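Below you'll find the structure, written out as structure tokens, and then a few comments.
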Amino acid sequence: MMQPEYKDYYTLLPLIILIVWACLLLLADLFIPKSRKSLTAFLSALGLAVTLGFTISQIGRESTGFNDMVVLDGFSTFVNVLLLVSGLLGIALAYGYVKRMGLERGEYYTLLLFSVSGMMLMAQADDLIIVFLALELLSIPLYVLAAFKRKQESEEAGIKYFLLGAFATGFVVYGTALVFGATGTTSLSGISAFVSNGTSSPSTGSGGTLLLTIGAALLLVGFGFKVAAVPFHMWTPDVYQGAPTAVTAFMSSGAKIAGFAALFRVFATAFPALSADMADVIWALAALTMIVGNVVAISQSNIKRMLAYSSIAHAGYILMAFVPYGNKDVMSISIAAGLFYLVAYVITNFGTWAVVIFLEKAEGKDLEISDYAGLAKKYPALAAAMAVFMLSFIGFPPTLGMVGKFYLFRAAIAGGYNGLAIIGVVTSLVSAYYYLRVVVNMYMREGDPTIEREPWLSFTTAITAIATVVLSFVPQWLFLLASTAVFRQF
Amino acid sequence: MVPVDYYIILSAILFTIGALGVLIRRNPLIIFMSIELMLNAGNLAFVAFSSVHKSFDGQIFVFFVIAVAAAEVAVGLALIVEIFKTKKNINIDDMNSLKG
């Protein structure tokens, strides 16, 4: 029996702090009176900030822990920082929103912390067992959060998310079983070592490769559900619309980052040898996701649904860069481009949802795109911020979204997938139609919108809008950071 | 002794039945049972492969799956009860207040 050592704990240090903090907060929350639940919000934000501090202190370190079950490397640190920032922004958005909507219960923040810890574990997982556990740890709190409003549409969102999420879990479990059957191990490095040795297991014989391919495909289905790739996207619009908006903002960023982190790590470290088969599948997924997401978004009148389809489309762009993952020369730039775009997407996404929360009233009022008419005249700063976010989503300069898309297209072209890049450019043009409709409504139509003033919401909107514009002038700096976010070499 | 292949084929059949059940049935409880069937198909495959590879990893995974499935049941049943309280009905086809 091996005793855990210092190295094991160090690898997971930020995660351990966050989980312990969340458990203690769950207890402490019992003693916080109902009228002072903002204290819970501040404590959970403090927990995330402390964890962020420890994560940043680990920049440049590499280690593995718990029998190579978890790994600390540039990739995990980069993703963890992004996840913790999303958690903080998620709390900032929720703070006023839950009060206004009468949802203020301490569990909200604790569940959010647990979900973030699951996402962080996902980024550090180096074994399919951990990938599975992390997937559940991040998903189960999100199911509860989606149904948090306990009104009809919120509960419906919760059950839909739950059933389809559990369905995806089934695929992940069965896929892992087949991969285990083909290789005799669930460790990602073990799988890749097994595949590169070219030996097939004595009992499964030549069927081993087939098992491995089917297993990898089932895992792809499972991750496809999490990142909302077409045709596994059916739940997305309903869940995003029905869930409380602050939850949607967090879910659409965090779950997508974690899903892509798992996809990148599992496929790039364990299955590079399968890329000949898998690249075509991912190609088709990416193309479908970009086309369906953007085309269906056009016909949406509800802003939450429109943003849900837009989030599907953005998953497609990131998948597009990941298609050439088996090509050793391109792999690192395609992952760096994916991470860069995730940063751009998360910043823009939180800003957009913050504006949506500004306008939303109780009982889901003022969520139609037409409700944004006249916003520019009455609240010019807010409208300007929203316009920046919409331009960033389209990929229009000078915004972070434009730079992000540039890197994604460059990665796809470097991998030799010019056709896919063309689909990406064309669908981006299509997307301009529905994003600009929001801008047109704000600036050119008459209307009398009202907003709920709230300091943390203004803060989030301002900071994300500034980051979207300013970071686009120094993209090399961020891209360099993303390029150093590499996997640990074996 | 029953050959291992049979276990794998059985697990594949169970998985398919489970997946079809999720897609076809309209009652969330039955859908939920179908999902459990999918997970248990995975468990069966794990145990079978575990004996092939003479490794305990697969059996350990099964324990994790069972524990996590129990946690999922807790959340899922709570959601279904909550919906029944608001709607007095849990048919999936009636959950159509979200669309567009």
| Residue in region A:389-400 that is assigned to a loop (DSSP other than H, G, I, E, B), touching a Lys or Arg at 6+ places or on another chain (Cβ under 6 Å) and either of a type in the set (V, I, T) or crowded, with 17+ Cβ neighbours inside 10 Å (or both) present | yes
| message | Can you pull out every residue in region B:1-29 that is under 30 Å from A:G158 (Cβ atoms), within 11 Å of chain A (Cβ to nearest Cβ) and of a type in the set (A, V, I, L, M, F, W, C)? | response | B:L14, B:F15, B:A19, B:V22, B:L23, B:L29
| message | Please go through (1) surrounded by fewer than 20 Cβ atoms within 10 Å (Cβ to Cβ); (2) assigned to a helix (DSSP H, G or I) for A:R105 and return the number of the only condition it doesn't satisfy. | response | (2)
| message | Tell me the residue from A:T183, A:T176, A:T199 that is modelled with pLDDT of 95 or more and farther than 30 Å from B:F84 by Cα, please. | response | A:T176
| query | Does region A:348-367 include one or more residues that are surrounded by fewer than 22 Cβ atoms within 10 Å (Cβ to Cβ) and either closer than 24 Å to A:L481 by Cα or among the hydroxyl-bearing types (S, T, Y) (or both)? | reply | no
| query | With (1) farther than 20 Å from A:Q300 by Cβ; (2) within 25 Å of the chain's Cα centre (by Cα) as the list, and A:G401 as the residue in question, which single condition is left unmet? | reply | (1)
| said: Just the residues that are among the acidic types (D, E) and more than 9 Å from chain A (Cβ to nearest Cβ), please, taken from region B:47-100. | reply: B:D93, B:D94
| field | A:S44 vs. criteria of a type in the set (S, T, Y), under 25 Å from A:L478 (Cβ atoms) and touching a residue at least 60 places away in the same chain (Cβ under 8 Å) | value | no
| query | Residues of region A:146-177 being more than 7 Å from chain B (Cβ to nearest Cβ) and either in contact with a Ser or Thr (Cβ under 6 Å, 6 or more places away or on another chain) or at positive phi (or both), which ones? | reply | A:G165
| request: State all residues of region B:7-24 that are more than 12 Å from the chain's Cα centre (by Cα), exposed (fewer than 15 other Cβ atoms within 10 Å of the Cβ) and either aromatic (F, W, Y) or closer than 12 Å to B:L37 by Cβ (or both); if no residue qualifies, say none. | output: B:I13
| request: Report, by residue number, each residue of region A:125-145 that is part of a helix (DSSP H, G or I), more than 9 Å from chain B (Cβ to nearest Cβ) and small (G, A, S). | output: A:A134
| query | A:I413 is checked against (1) touching a helix residue (DSSP H, G or I) at 6+ places or on another chain (Cβ under 7 Å); (2) within 28 Å of A:V98 (Cβ to Cβ) and fails just one. What number does that condition carry? | reply | (2)
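Please find, among B:V52, B:V62, the residue that is among the aliphatic types (A, V, I, L, M) and closer than 24 Å to A:F162 by Cα.
Values: B:V52 fails: closer than 24 Å to A:F162 by Cα.
The match here is B:V62.
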| (1) over 23 Å from A:V144 (Cβ atoms); (2) within 9 Å of chain A (Cβ to nearest Cβ); (3) modelled with pLDDT under 95: which one isn't true of B:L44, the others all being true? | (3)
| task | Could you run through region A:121-178 and say how many residues are touching a Phe, Trp or Tyr at 6+ places or on another chain (Cβ under 6 Å) and polar (S, T, N, Q)? | result | 0
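Would you mention how many residues in region A:253-297 are among the hydroxyl-bearing types (S, T, Y) and either surrounded by fewer than 21 Cβ atoms within 10 Å (Cβ to Cβ) or under 20 Å from A:D73 (Cα atoms) (or both)?
Summing the residues that are among the hydroxyl-bearing types (S, T, Y) and either surrounded by fewer than 21 Cβ atoms within 10 Å (Cβ to Cβ) or under 20 Å from A:D73 (Cα atoms) (or both) in region A:253-297 gives 2.
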| field | Breaking point among (1) in contact with a Leu (Cβ under 9 Å, 6 or more places away or on another chain); (2) within 9 Å of chain B (Cβ to nearest Cβ); (3) in contact (Cβ under 8 Å) with a residue 24 or more places away in the chain; (4) of a type in the set (V, I, T), for A:I191 | value | (2)
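The values are calculated or read from the model by the stated rules, or taken from the named source; none is laboratory data. Everything quoted here is computed from the prediction, not taken from an experiment. Cβ coordinates were reconstructed from backbone atoms using ideal geometry, including for glycine residues, and neighbour counts include every protein chain displayed.
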